[in-house]
Each structure stands twice: as C-alpha cells, then as structure tokens.
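Undergrad: Sending over a structure as structure tokens; questions will come in a sec.
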Amino acid sequence: MGKWTPTREAPEPLEGNVVGVVTGGTVLWFVMFLVQLPFYGWFEGRGLLWWLWTCLAGAGLGLIGIRYVRRREAALRRAAEQHPSGPEGAGRPGPAEADTGPDTESGAG
C-alpha cells in the first residue's frame, strides 16, 4: 500500500457556536452524573461505578473546555479588531506579517 497523498486542498474548518456546544456537552455530562447518583449502590454492586465517575470527569473537563473556548473566541475577536481583513486571517499571521517585527518596522533590521 502506497503513501497517501491528498488530491485536493483540505476544506476550511467549520466555525459555529463552539462555546454553546461545549457548554451544552458539559451540562449533559453533569446531568448524567446527577441522574446516576441515586443509583450509587446499584452501580457499586455490579462493578460499574466507573460510569458515575466518567460523567463527573466529563463535566470537570467540560468546565476546562468552556474556559478554553471562551478565551479562544475572545482572542479571535481581538485579532479581528486589530486586523479587520476578515475572519479568514484572524489569529494567523500571513507570510508578510510573519516576518514583520519591531526591528523591521523601525528600519533597524
């Protein structure tokens, strides 16, 4: 089997309501934890207690995820305000911007 090479360019990533999706998932994990909590003894008796802790871990990781995506959205918004060229360039320096630094702008570089 030969090495796979792409025949066309990869599509742009989909941008949607990421904060809402992560928040919704976090709420679902926490609700599932609360739903299973009254059945603690049942889960423990059958060796399935990990189900309960998996839901709690999902909720905890979701809280970290909410913080992450909120900070990401804020950074993208700040980048778009600084460079109002459009969302496609937000947060990613282009070839001309990547080489520009404080030394090159002042002419000392």
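Undergrad: Can you pull out every residue in the range 29-48 that is aromatic (Phe, Trp, Tyr) and either under 23 Å from residue 77 (Cβ atoms) or exposed (fewer than 12 other Cβ atoms within 10 Å of the Cβ) (or both)?
TA: 40, 42
Undergrad: Determine the pairs where a residue that is in contact (Cβ under 8 Å) with a residue 24 or more places away in the chain, located within the range 35-58, has a partner that is open to solvent by less than 50 Å² (accessible area, probe 1.4 Å) and hydroxyl-bearing (Ser, Thr, Tyr) with Cβ atoms under 8 Å apart, the partner being 6 or more residues away or on another chain.
TA: Final answer for the pair search is 58/26.
Undergrad: Can you pull out the residues in the range 6-49 that are within 22 Å of residue 64 (Cα to Cα) and of a type in the set (Asp, Glu)?
TA: Across the range 6-49, the qualifying residue is only 15.
Undergrad: Can you pull out every residue in the range 1-26 that is out of contact with any helix residue (DSSP H, G or I) (no Cβ under 7 Å at 6 or more places or on another chain) and touching a residue at least 12 places away in the same chain (Cβ under 8 Å)?
TA: Selection gives 12, 15.
Undergrad: Can you tell which of 7, 26, 104 is of a type in the set (Ser, Thr, Tyr), surrounded by 13 or more Cβ atoms within 10 Å (Cβ to Cβ) and either assigned to a helix (DSSP H, G or I) or at pLDDT 80 or above (or both)?
TA: 26
The values are calculated or read from the model by the stated rules, or taken from the named source; none is laboratory data. Fair warning: this is a prediction, and the values are worked out from it, not measured in the lab. Backbone-built Cβ (ideal geometry, glycine too); neighbour counts: all protein chains shown. All accessible areas refer to the heavy atoms of the entire protein, side chains included, with ligands and DNA or RNA removed. Shrake-Rupley method; radii C 1.70, N 1.55, O 1.52, S 1.80 Å.
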